[in-house]
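The values are calculated or read from the model by the stated rules, or taken from the named source; none is laboratory data. Note that the structure is predicted; figures quoted are calculated from it, not measured. Virtual Cβ from ideal backbone geometry, glycine too; neighbours counted across all protein chains shown. Areas reflect the complete protein model, heavy atoms only, side chains present, ligands, DNA and RNA absent. Shrake-Rupley method; radii C 1.70, N 1.55, O 1.52, S 1.80 Å.
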Amino acid sequence: MGRPEDSYVKLPAIAHATRLGYKYVSLRDLEPGVDYDKGTNIFYEAFRSSIERINRTAISYSRAAYLVQQLRVALSSEDLGRAFFRYLHAGIEGLRLIDFEEPMNNTYQVVTELPYENGEDNFRPDIIFLVNGMPLAFMEAKRQNNREGIMAERDRMHERFRNSAFRRFVNITQLMLFSNDQEYDDTDRKPIQGSYYACSAYGKVKFNHFREQRQQEIAAYVGPRDIDTEQYILEDNNLPQIWGTPEWMSSIDPATPANRIITSLLAPKRLLFLLHYGFCYVEKVNEQGVKELQKHVMRYPQLFATLAVRDTLDAGRRKGVIWHTQGSGKTELSFLLTRYLRDYYSAQNRASRFFFIVDRLSLATQAKEEFEARGAHVALVDSREGFAKALKEPGDATGTVEADQLPAITVVNIQKFAEEARVSGYDYDLDVQRVYFIDEAHRDYKNGGAFLTNLVTSDRDAVKLALTGTPLVGTKKNNDTKKVFGPYIHTYFYNQSIADGYTLRLLREDVKTSFRVKMQEVMRDLREIDKLVKTEDVFKHPKYVVPLVEYIVDDYIQSQVALGDESIGAMIVAHSSAQARAIYAELQKLDQDFSSALVLHDEGTKQEREKIQDDFKAGAIDFLVVYNMLLTGFDAPRLKKLYLCRTIKAHNLLQALTRVNRPYKDMAFGYVVDFADITKEYDKTNRTYLAELTQEYGDATKEYSSLFEDPAQVETELAHIRDVLFPYTTGNVVEFQAEINAIDDKHDLYELRAVLKRYRELRNVAQMLGYEELYEQFDLKRAGELLREVDNRIQLINYKEAMKLQDMSTGAVNVLLDQIEFSFRNVGENELAVADEFTGRLRKTYAAFASNRDPKDPEYVSLLDKLREKFSQMDIEEMTTDDMVASIEELKRLKAEMDELNRRNEQLAKKYGGDMKFMRVHKKAMRTPPPLTTSPAKLFTILSKVKADADGELMHNEHLLDNEGFFKRTVRRLVLISCDNAGVDGAMDTIDRVAGDISREYFEEKRKVS
């Protein structure tokens, strides 16, 4: 103990968890393999007694051990824990593992730093949350204002979860929390500060924000403080001195960010709801075109939308609108809702049928694929007769659905709602509730229209949940979405989605003035010389299309350079289908380095158009040329450039713009190149939505902002970029390299790297906003070269710091090893396995040294000197394979010696209840002449009594350490008394030395936690 995050984040969070219903369990007296299974970290007795209570049947210890072994087998699978997840839902061998109906019938425990071990590989999460003895969640706590803390932890989690040694622990973990107890900084695109949650993954872990929306509900989850429990937690973690301090009192407040997310996600009622309805497995093709299994957890707007639907139904209402912005996961929300609503109606002894309604066949196919990827049973209705038949199905088409099975979903095109399709009676008594999810509810649904009429009359008792990111508002014919489908059930807007990282803000790029002038001349000539009257004829003419395509292709190439990524895709929205064909024809004449495809409703077959979409998503096509198609519902994260050649109105404009707002790699924006000048139409649409929200919720200005990046904010950033770059010779790479080589402060280099990256993203806008000198200062290629030089300099400093081994604290070593990328010049491809083994061994050896808790121990100092002597002067880039083989053996020896020293330290500390302070005092007292006693057992008797008395004094007087002189005298008195009681007649100088060492340990610990 002794880290700031232990005192002011971790331990207060544990204390807070006990107010939610968790029992704190000390690991001091628990024996691995006896009290808990080392392969899964399942606690035997809690597991046994919970299963016995839930199932109301006697469970012997041997039976419990057998069940744990069965779970261990399931957890060993390469399935992201899917088999285990089924057991959580359906039980194992007829026994339920969790009581979902009665949350408090389960056992909730919380522990700290439980080892997750497999051979040499291990890590210890800060806080582990167990349900019925099963470690289903953990939390990593970081101190405030540690900008590398959460990011470094995320990166370490990526590495750990890729490691097959941790496979069972990854599979059993359902929820992970990360917090540095600060509020979110929504200007940061990366999770640098705040509280985040994620579910397990084999590799990249996706961090999610959480913003509570039901404050009154969760306030009821928090019980009163238990003083005895809080003091026990502090005593057990050897930090009694912080009891009662102002810092402790502030940190245990339920309103701190760390405590809030624990309440929101891990309070028993919430946690069980998430375990029951909040996770799904998805089989998806990744960015490399490889099919992979993913695990998804509910985003917080999906959670609160589900609860809002429940409230709506409880209030007796059968319809309403879920207004969630594009890219927020409405299809997945529908899937998650089917599971909840099936149980909702099952509790009323009613069967349920789910229909997902779309208005286009392409969307029907897409929805079917999305639902099937999540394991649902999907029926795609492709005829009116098929829909009429589907209406008559008696409940879920899968028949009796077990707890671990998924409901059936019928996907149907609205055109299939024939007039003759009506609900009819059955020959048997069965109460069926139909639920219609109406996708893209802003389209084709009008009061009095045939489609809507057929939808309503197909089953007047059906629940109708309309989904849209752009509802119709302020329409002239009374067809506003909420008037058609009912009031808003839940809302989630794009400014929230952008802040949460689910979508990107857009950057509007005006075309260059010189190009506008040129095209105006082209248009004048076409009208005056070529006598073209119709605008459509002008826009499709080769004299217009050729320069347009040249501009687009040049801009696309520049964007690839600026973003440092050739995988981005583009969409050209033509003025007409005729212009789309002309643009496509011109693209076909270009270099074969660029591929393009034309997507029009009358071009090619349905299957051919679907293949084009799949190929684009897979990266095989650079340009999609469209007119009306793919402007809604088409989701391709790599689509980052939208070239608008025509004005689109109202909600259709927002639909088109958000094609480029999906997150992709580390990109900051989606880019819209505006040939049509959409500003006026966009502002009008935005004002209409703001007025709608203000009418519904009062002043909504703060909640609803622009989809585009604010020009004033861009100007501020450009001014900052200009000032940071001013001192450097950016026009000469050699001189720039010399300038940054003189910089040793990494923070200056980080800032320089950040502005160079931002410059590449904003350079096109710089000229538009009047920053001509910045635009002309250097081009994108030069920016990339400068950025590489800065990266190299940072890497070199990290490498030198690591090799010097000056700071061997766990945090410092973790950060350095996370930042270093090893490269070898003298190693061929066939020998890379040796290089990988060397770097892995080096990391593990450094980690072993970083784990030492007694840095002044002469034995540790000697081992560290050996490590420094071996590696501080080594140039890793120049190592040969033979060098690495020899070094691997040396690293193994050093690590083995360090592991043994750490083992002895841990063993001695365990005698003192895990208190590293007294482990260090004990060792120093034994090795420093003259010793207080030559008997380690007798010394333990003396020091353990001093520890107990000193901790007791601190627990009852939180200000004791503020008076150093008084505390020193107190400790000296306690040492004298303990020596007398043990029959040890030590010299006064020796007693003073030992008492001084004890006092310094307490003062140093206080300094660290402060």
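Residues in region 152-194 that are farther than 18 Å from PHE138 by Cβ, of a type outside the set (D, E, K, R) and part of a loop (DSSP other than H, G, I, E, B): how many?
5
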Discussion item. For region 903-912, which positions are under 37 Å from the mean Cα position of the chain (by Cα) and surrounded by 18 or more Cβ atoms within 10 Å (Cβ to Cβ)?
Written reply: ASN905, ALA909
Discussion item. Suppose we keep only residues that are open to solvent by less than 10 Å² (accessible area, probe 1.4 Å) and among the β-branched types (Val, Ile, Thr) within region 332-372. Which one would you say is nearest to ALA315 (Cα to Cα)?
Written reply: THR338
Worksheet item: Just a yes or no: is a residue in region 539-561 open to solvent by less than 20 Å² (accessible area, probe 1.4 Å) and in a loop (DSSP other than H, G, I, E, B)?
Response: no
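Any residue at all in region 920-930 that is under 22 Å from TYR232 (Cα atoms), in contact (Cβ under 8 Å) with a residue 24 or more places away in the chain, under 50 Å from the mean Cα position of the chain (by Cα) and buried (at least 16 other Cβ atoms within 10 Å of the Cβ)?
Narrowing region 920-930 to residues under 22 Å from TYR232 (Cα atoms): none.
There is no residue in region 920-930 that is under 22 Å from TYR232 (Cα atoms), in contact (Cβ under 8 Å) with a residue 24 or more places away in the chain, under 50 Å from the mean Cα position of the chain (by Cα) and buried (at least 16 other Cβ atoms within 10 Å of the Cβ).
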Discussion item. When you scan region 70-89, do you find a residue that is more than 25 Å from VAL297 (Cα to Cα), of a type in the set (Ser, Thr, Tyr) and not in a strand (DSSP E or B), even just one?
Written reply: no
Fill in: Of residues in region 21-62 being open to solvent by less than 80 Å² (accessible area, probe 1.4 Å) and over 34 Å from the mean Cα position of the chain (by Cα), the one nearest to LYS910 (Cα to Cα)
SER49
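In this structure, is LYS534 closer than 20 Å to ALA597 by Cβ and open to solvent by 60 Å² or more (accessible area, probe 1.4 Å)? Let's see the steps before the verdict.
Details: closer than 20 Å to ALA597 by Cβ: no; open to solvent by 60 Å² or more (accessible area, probe 1.4 Å): yes.
Here the answer is no, as LYS534 does not meet what is asked.
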Response to the item:
Residues in region 336-391 that are among the charged types (D, E, K, R) and in a strand (DSSP E or B) total 1
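What about ILE98, is it in a loop (DSSP other than H, G, I, E, B), surrounded by 14 or more Cβ atoms within 10 Å (Cβ to Cβ), β-branched (Val, Ile, Thr) and touching a residue at least 40 places away in the same chain (Cβ under 8 Å)? Write out each step before concluding.
On the way: in a loop (DSSP other than H, G, I, E, B): yes; surrounded by 14 or more Cβ atoms within 10 Å (Cβ to Cβ): yes; β-branched (Val, Ile, Thr): yes; touching a residue at least 40 places away in the same chain (Cβ under 8 Å): yes.
Answer is yes for this residue.
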Worksheet item: Does ALA305 satisfy the condition of being under 19 Å from PHE485 (Cα atoms) and touching a residue at least 12 places away in the same chain (Cβ under 8 Å)?
Response: yes
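Going through region 492-530 one residue at a time, which ones are acidic (Asp, Glu) and within 30 Å of TYR197 (Cβ to Cβ)? Don't jump to the end; show me each part of the working.
The initial filter retains those residues of region 492-530 that are acidic (Asp, Glu), namely 500, 509-510, 521, 525, 528, 530.
Hit for region 492-530 is ASP500, nothing else.
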Discussion item. Anything in region 115-124 that is in contact (Cβ under 8 Å) with a residue 24 or more places away in the chain and within 22 Å of the chain's Cα centre (by Cα)? List them, or say none.
Written reply: TYR116, PHE123
Fill in: Conditions (1) open to solvent by 10 Å² or more (accessible area, probe 1.4 Å); (2) over 15 Å from the mean Cα position of the chain (by Cα); (3) not acidic (Asp, Glu): number failed by MET151
(2)
Practice prompt. Output the residues belonging to region 425-471 that are β-branched (Val, Ile, Thr) and either exposed (fewer than 15 other Cβ atoms within 10 Å of the Cβ) or at pLDDT below 65 (or both).
Written response: THR453, THR457
Worksheet item: Which condition number does ILE888 fail, the rest of (1) in contact (Cβ under 8 Å) with a residue 40 or more places away in the chain; (2) hydrophobic (A, V, I, L, M, F, W, C); (3) under 16 Å from LEU239 (Cβ atoms) being met?
Response: (3)
Item to complete: Output the qualifying pairs, or none if there are none: Cβ atoms under 8 angstrom, residues six or more apart or on different chains, first residue in region 735-763 and outside any helix (DSSP H, G or I), second residue surrounded by 14 or more Cβ atoms within 10 Å (Cβ to Cβ).
Response: ILE743/LEU749; ILE743/ARG793; ASP744/ILE797
Discussion item. Can you confirm whether LYS190 is open to solvent by 40 Å² or more (accessible area, probe 1.4 Å) and not β-branched (Val, Ile, Thr)?
Written reply: yes
Worksheet item: Which of the residues belonging to region 531-560 are touching a Leu at 6+ places or on another chain (Cβ under 7 Å) and at pLDDT 90 or above?
Response: VAL538, HIS541, LYS543, TYR544, VAL549, VAL553
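Condition check: under 21 Å from the mean Cα position of the chain (by Cα), open to solvent by 10 Å² or more (accessible area, probe 1.4 Å) and farther than 30 Å from ALA909 by Cβ. Does VAL297 satisfy that? Spell out how you get there, then give the answer.
Details: under 21 Å from the mean Cα position of the chain (by Cα): yes; open to solvent by 10 Å² or more (accessible area, probe 1.4 Å): yes; farther than 30 Å from ALA909 by Cβ: yes.
Against the criterion (under 21 Å from the mean Cα position of the chain (by Cα), open to solvent by 10 Å² or more (accessible area, probe 1.4 Å) and farther than 30 Å from ALA909 by Cβ), VAL297 qualifies.
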Fill in: Candidates SER497, SER514 - the one that is open to solvent by less than 20 Å² (accessible area, probe 1.4 Å), among the hydroxyl-bearing types (Ser, Thr, Tyr) and part of a helix (DSSP H, G or I)
SER497
Discussion item. Being over 14 Å from SER999 (Cα atoms), open to solvent by less than 20 Å² (accessible area, probe 1.4 Å) and not hydrophobic (A, V, I, L, M, F, W, C) is the filter here; which residues of region 939-957 pass it?
Written reply: none
Worksheet item: Mind checking which pairs have a first residue in region 578-590 that is closer than 15 Å to ASP602 by Cα and touching a residue at least 12 places away in the same chain (Cβ under 8 Å) and a second that is open to solvent by 50 Å² or more (accessible area, probe 1.4 Å) and outside any helix (DSSP H, G or I), Cβ under 6 Å, 6 or more apart or different chains?
Response: ALA580/TYR627
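When region 253-291 is examined, which residues are found to be in contact (Cβ under 8 Å) with a residue 60 or more places away in the chain, closer than 17 Å to LYS204 by Cβ and either among the hydroxyl-bearing types (Ser, Thr, Tyr) or open to solvent by 10 Å² or more (accessible area, probe 1.4 Å) (or both)? Before you say what the answer is, go through the steps one by one.
Initial filter on region 253-291 (in contact (Cβ under 8 Å) with a residue 60 or more places away in the chain): 254, 256-263, 265-269, 271-272, 274-277, 279-285, 287, 289.
Subsequent filtering for residues that are closer than 17 Å to LYS204 by Cβ retains 281-285, 287, 289.
Scanning region 253-291 gives TYR281, GLU283, LYS284, VAL285, GLU287, GLY289.
Between ALA198, ALA165, which is more than 30 Å from TYR1002 (Cβ to Cβ) and without any contact (Cβ under 8 Å) to a residue 60 or more places away in the chain? Reasoning before the result, please.
Numbers: ALA198 fails: without any contact (Cβ under 8 Å) to a residue 60 or more places away in the chain.
Step by step, each of ALA198, ALA165 is checked, and only ALA165 is more than 30 Å from TYR1002 (Cβ to Cβ) and without any contact (Cβ under 8 Å) to a residue 60 or more places away in the chain.
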Worksheet item: Within region 835-872, can you find the residues that are under 23 Å from GLU906 (Cα atoms), open to solvent by 20 Å² or more (accessible area, probe 1.4 Å), of a type outside the set (Ser, Thr, Tyr) and assigned to a helix (DSSP H, G or I)?
Response: ARG841, ARG843, LYS844, ALA847, PRO858, GLU859, VAL861, ASP865, LYS866
Worksheet entry | Cβ-Cβ under 9 Å pairs, at least 6 apart or on other chains, region 333-356 side at positive phi, far side of a type outside the set (A, V, I, L, M, F, W, C) | ASN349/ASP431
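State yes or no: is PRO936 closer than 23 Å to VAL861 by Cβ, without any contact (Cβ under 8 Å) to a residue 24 or more places away in the chain and open to solvent by 10 Å² or more (accessible area, probe 1.4 Å)?
Numbers: closer than 23 Å to VAL861 by Cβ: yes; without any contact (Cβ under 8 Å) to a residue 24 or more places away in the chain: yes; open to solvent by 10 Å² or more (accessible area, probe 1.4 Å): yes.
Against the criterion (closer than 23 Å to VAL861 by Cβ, without any contact (Cβ under 8 Å) to a residue 24 or more places away in the chain and open to solvent by 10 Å² or more (accessible area, probe 1.4 Å)), PRO936 qualifies.
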Worksheet item: When you go through (1) at pLDDT below 85; (2) crowded, with 19+ Cβ neighbours inside 10 Å; (3) over 30 Å from GLU789 (Cα atoms) one by one for THR679, which number turns out not to apply?
Response: (2)
